[in-house]
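Undergrad: Supplied in structure tokens, the structure appears directly below.
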Amino acid sequence: MPDSVIFGMEVFLNGLMAGVLYALVALGFVLIYKASGIFNYAQGVLALFAALTLVGIMEGQVPFGHLINAVFGTNLHHFGWEVPALLAIALTALVMVGLAWVVNRLVFHHLVGQDPIILFMATIGLAYFLEGFGDVTWGADIRKLDVGLPQGLNPWIDEVTYNLFGYGFFIDNLDLVATVVAAILVVALVAFAQYSKHGRAMRAVADDHQAALSVGISLNFIWVMVWSLAGFVALVAGIMWGTKMGVQFSLSLIALKALPVLMLGGFTSIPGAIVGGLIIGVGEKMFEFAIGPLVGGATENWFAYMLALVFLVFRPQGLFGEKIIERV
Amino acid sequence: MFYREAGDFKTSYVDDSQTFPIRVDRYGYYALLAVAFGVLPFLVNDYWVNAVLLPFLIYAIAAIGLNILVGYCGQVSLGTGGFMAVGAYACYKLMTGFPEINIFFHVILSGGITAAVCVLFGLPSLRIKGFYLAVATLAAQFFLVWLFNRVGWFYNYSASGQINAPERTVFGIAVTGAQNPPWAAYLFCLVFTVGCALIARNLTRGMAGRKWMAIRDMDIAAEIIGVNPLKAKLTAFAVSGFFVGIAGALFFSVYLGAIEVGEAFGINKSFLVLFMVIIGGLGSIFGSFAGAAFLVLLPVFLKNVLVGGLGWPTDLAAHLEFMIVGALILIFLIAEPHGLAQLWRVTKEKLRLWPFPH
């Protein structure tokens, strides 16, 4: 087999893995959109905030250290203990639930019945706020996140492919873990939505707010639950991405990577998020591999959007989205 | 003298649709223009022009442009940064390619070029609606920034990849380049801002504006009453692109003088202008000015108070600024989704009745 084909296959596989990571972020979007009709731009920042909180708790950092130091002239930074990863993850999940409650109580509670576009803009405001809040709480330095996930070259795949093609594929262990986690997450979420009482209530709310209210479903509870779920998905995405590229500001930009995934898959479909993620992941890696060198590289920044844009012109609701029916 | 008209004696449509029906408003507006053109140029210094006035004037133009698209026509765009970059690079190519032509025309031409690009990216809006469109405009944002970054022709193959504005004069006085006097830069931008505001105000209260608003309120219904959605949407994109392009050209040539596209026209610029429109008020020209003023002054104010007054570190102040801007947007959306312009409108209504509200 010629080298370029083998390289292409490696790029393809890596694209699939990257796609899974995109899908992980996109999942959070879909959850909130389905249940409350809010297009949550802040999902990426939620992931950043979750990762920052996790690192902060693990390192035993003093929250608001910089602010306290600036106001009182003290020199606080760490409590001096370290929290084991699992406990820290549990604590962070609690923080995310608390955050979901506060966000719902203070912001979206007051915006019920507004235009979707106003809600969207509110989430952009929320994203800015959380970004600043995360930095003020935990500082803005780039931090390493290590919760004990395996990283680096997977020797088994390397060996098998070497024996097959005479060239070992480089597949990151972390990507494999992410794939497994994403699969579990999707199965769990779908099962939750289909078979549990609260999941059914969630789907009812997604269908029709007023009808759901009239059969005794608490909108507030469902929304807090959905935001908590989204926070939890953000935490998982934050752990994966944070381990991959360090916990830093640019982590919040993964939201921008997830948007074309959503457009492609449709805003309302969980399988759509996965399939869209895979298509985008493979598409942009293959494009960069095949066409990128001809036009100056770094096409990954925009290829996904262009692909989604062209795709949408032919199918405005995305692959799996609900057909948009408009009436006067 | 009370703040109201002496009875309702309008006998023609012209009277009925005038912008300032109340005399105090009208004279106030003339006085404001007189001060802006006649007095301020003599008072301003370098700091005021570069920190406050120029960004305010330029962002006001961009906000007007975006407001036409989002506030009047209801097509949410997150590509403003990219379109401003088109204006900036068009202006740069024109300035270096045709140095004998006055910079004034270059800026207007860059607006025209941006309008064309904007229409191109607006074409999908006929099929794609709502959030899908908002995300689709991000394609313009990322693609355009990448294009200007990677294709050497746009930055004349300069080694740094930056573009620098050469010195150009209007009536013999430099308005761009490193040696331009602050008052000249200020006046040059002011002329454009006032011109754009006039055009926008008159477009939006005429037939074009009513068509846009019909599309915004419900595009299918608008189509049934005879508004051509293709024309209405694309004219909105074109007019919006024209203003945003002018803003981008001025931002580059007069305000910054040298830019690196990813930094100056990144996604954050798109959001900044969008926030100006939201905080100022969707569907209001006055709101565009109010929003631009608010978001230009806020960082200056915070910086002076937190860093200058309290002596806090700059990075902490920057993070707090993020928090405050985000919180303000949330507060505005909750308390007054129609922004500063609506507050102003309510105040005026109250003033009209004062002191006899019953």
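Undergrad: Quick check: is even one residue across the range B:244-257 under 30 Å from B:F142 (Cβ atoms) and open to solvent by 30 Å² or more (accessible area, probe 1.4 Å)?
TA: Within the range B:244-257, one or more residues are under 30 Å from B:F142 (Cβ atoms) and open to solvent by 30 Å² or more (accessible area, probe 1.4 Å).
Undergrad: List the pairs whose first member sits in the range A:192-218 and is closer than 18 Å to A:A230 by Cβ and touching a residue at least 60 places away in the same chain (Cβ under 8 Å), whose second member is assigned to a helix (DSSP H, G or I) and acidic (D, E), and whose Cβ atoms are under 8 Å apart, counting only residues at least 6 apart or on separate chains?
TA: Pairs found: none.
Undergrad: Could you list, ordered by first residue, the pairs with Cβ atoms under 8 Å in which the first is in the range A:302-321 and of a type in the set (S, T, N, Q) and the second is buried (at least 19 other Cβ atoms within 10 Å of the Cβ), at least 6 apart or interchain?
TA: Listed by first residue and then by second, the contacts come to A:Q317/A:G266; A:Q317/B:Y132.
Undergrad: A further question follows. Please specify each residue of the range A:254-282 satisfying the condition of being open to solvent by less than 10 Å² (accessible area, probe 1.4 Å) and either touching a strand residue (DSSP E or B) at 6+ places or on another chain (Cβ under 8 Å) or within 14 Å of B:F131 (Cα to Cα) (or both).
TA: A:A258, A:L259, A:P260, A:V261, A:L262, A:M263, A:L264, A:G265, A:G266, A:F267, listed by residue number.
Undergrad: Might you check whether a residue that is part of a helix (DSSP H, G or I) and within 14 Å of chain A (Cβ to nearest Cβ) occurs anywhere in the range B:259-266?
TA: Yes, because at least one residue in the range B:259-266 is part of a helix (DSSP H, G or I) and within 14 Å of chain A (Cβ to nearest Cβ).
Undergrad: Can I ask one more? Given A:N14, A:N40, A:N69, which one is within 24 Å of A:M245 (Cα to Cα) and either within 12 Å of another protein chain (Cβ to nearest Cβ) or among the β-branched types (V, I, T) (or both)?
TA: The match here is A:N40.
Undergrad: Now for a different question. Quickly run through the range B:104-133 and pick out the residues that are under 14 Å from B:L250 (Cβ atoms) and either open to solvent by 30 Å² or more (accessible area, probe 1.4 Å) or touching a Leu at 6+ places or on another chain (Cβ under 9 Å) (or both).
TA: B:F104, B:F105, B:H106, B:V107, B:I108, B:L109, B:S110
Undergrad: Which ones in the range B:20-57 are aliphatic (A, V, I, L, M), surrounded by 14 or more Cβ atoms within 10 Å (Cβ to Cβ) and within 24 Å of B:R205 (Cβ to Cβ)?
TA: B:I22, B:V24, B:A36, B:L57, listed by residue number.
Undergrad: Give me a count of the residues in the range B:65-98 that are in contact with a Pro (Cβ under 7 Å, 6 or more places away or on another chain) and open to solvent by 10 Å² or more (accessible area, probe 1.4 Å).
TA: 1
Undergrad: In addition: Could you check how many residues of the range A:42-72 are in a helix (DSSP H, G or I), crowded, with 21+ Cβ neighbours inside 10 Å and of a type in the set (A, V, I, L, M, F, W, C)?
TA: Qualifying residue count, the range A:42-72: 12.
Undergrad: Out of curiosity, is A:A304 closer than 16 Å to B:W146 by Cβ, within 9 Å of chain B (Cβ to nearest Cβ), open to solvent by less than 10 Å² (accessible area, probe 1.4 Å) and not basic (K, R)?
TA: yes
Undergrad: Exactly one of (1) open to solvent by 50 Å² or more (accessible area, probe 1.4 Å); (2) away from chain B (no Cβ under 14 Å); (3) modelled with pLDDT under 75 is unmet by A:G152. Its number?
TA: Answer for A:G152: the failing condition is (1).
Undergrad: In the range B:167-182, what residues are surrounded by fewer than 18 Cβ atoms within 10 Å (Cβ to Cβ) and not hydroxyl-bearing (S, T, Y)?
TA: Passing the criteria: B:E167, B:V170, B:F171, B:G172, B:I173, B:A174, B:G177, B:A178, B:Q179, B:P181, B:P182.
Undergrad: Can you pull out every residue in the range A:167-203 that is over 21 Å from A:A273 (Cα atoms) and of a type outside the set (K, R)?
TA: Result: A:Y167, A:G168, A:F169, A:F170, A:I171, A:D172, A:N173, A:S196, A:H198, A:A201.
Undergrad: Considering only residues that are in a loop (DSSP other than H, G, I, E, B) and not polar (S, T, N, Q), which ones fall in the range A:136-153?
TA: The answer is A:G139, A:A140, A:D141, A:I142, A:K144, A:L145, A:D146, A:V147, A:G148, A:L149, A:P150, A:G152.
Undergrad: Pairs under 7 Å by beta carbon, first residue closer than 17 Å to A:V5 by Cβ and assigned to a loop (DSSP other than H, G, I, E, B) in the range A:154-174, partner hydroxyl-bearing (S, T, Y) and open to solvent by less than 100 Å² (accessible area, probe 1.4 Å), six or more apart or different chains?
TA: If the second residue must be hydroxyl-bearing (S, T, Y) and open to solvent by less than 100 Å² (accessible area, probe 1.4 Å), the pairs left are A:Y167/A:T161; A:G168/A:T161; A:F169/A:T161.
Undergrad: Okay, next question. Of all helices (runs of 4 or more DSSP H) completely enclosed by the range B:280-353, which ones contain at least 2 residues that are away from chain A (no Cβ under 13 Å)?
TA: B:285-302, B:339-353
Undergrad: If you take just the helices (runs of 4 or more DSSP H) that sit entirely in the range B:22-135, which of them hold at least 3 residues that are touching a residue at least 60 places away in the same chain (Cβ under 8 Å), at negative phi and of a type outside the set (F, W, Y)?
TA: B:54-67, B:80-97, B:103-122
Undergrad: Given A:N104, A:N75, which one is in contact with a helix residue (DSSP H, G or I) (Cβ under 9 Å, 6 or more places away or on another chain), surrounded by fewer than 12 Cβ atoms within 10 Å (Cβ to Cβ) and more than 12 Å from chain B (Cβ to nearest Cβ)?
TA: Going through A:N104, A:N75 in turn, the sole match is A:N75.
Undergrad: Checking A:F133 against (1) assigned to a helix (DSSP H, G or I); (2) surrounded by fewer than 16 Cβ atoms within 10 Å (Cβ to Cβ), which test does it fail?
TA: Failed condition: (2).
Undergrad: Under the condition of being under 20 Å from B:I267 (Cβ atoms) and open to solvent by 10 Å² or more (accessible area, probe 1.4 Å), which residue from the range A:223-251 is modelled with the highest pLDDT?
TA: Only one residue fits best here, namely A:W241.
Undergrad: Identify, please: which residue in the range B:200-225 is modelled with pLDDT under 90 and not in a helix (DSSP H, G or I) and is, among those, surrounded by the fewest Cβ atoms within 10 Å (Cβ to Cβ)?
TA: Once the filter is applied, the top-ranked residue is B:G206.
Undergrad: Which of the residues spanning the range A:188-203 are over 19 Å from A:G28 (Cβ atoms) and basic (K, R)?
TA: A:K197, A:R200
Undergrad: Filter the range B:265-284 down to the residues that are open to solvent by 10 Å² or more (accessible area, probe 1.4 Å) and either at pLDDT 90 or above or within 16 Å of B:L138 (Cα to Cα) (or both) and list them by number.
TA: Listed by number, the residues that qualify are B:G266, B:I267, B:N268, B:K269, B:L272.
Undergrad: If you check B:L187 against the conditions, is it touching a residue at least 60 places away in the same chain (Cβ under 8 Å) and within 21 Å of B:A115 (Cβ to Cβ)?
TA: no
The values are calculated or read from the model by the stated rules, or taken from the named source; none is laboratory data. Everything numeric here is computed off the predicted structure, so don't read it as measured data. Positions of Cβ are backbone-derived with ideal geometry, glycine not excepted, and every protein chain shown enters the neighbour counts. We work out accessible area using only protein heavy atoms, side chains counted, and drop any ligands, DNA or RNA first. Shrake-Rupley method; radii C 1.70, N 1.55, O 1.52, S 1.80 Å.
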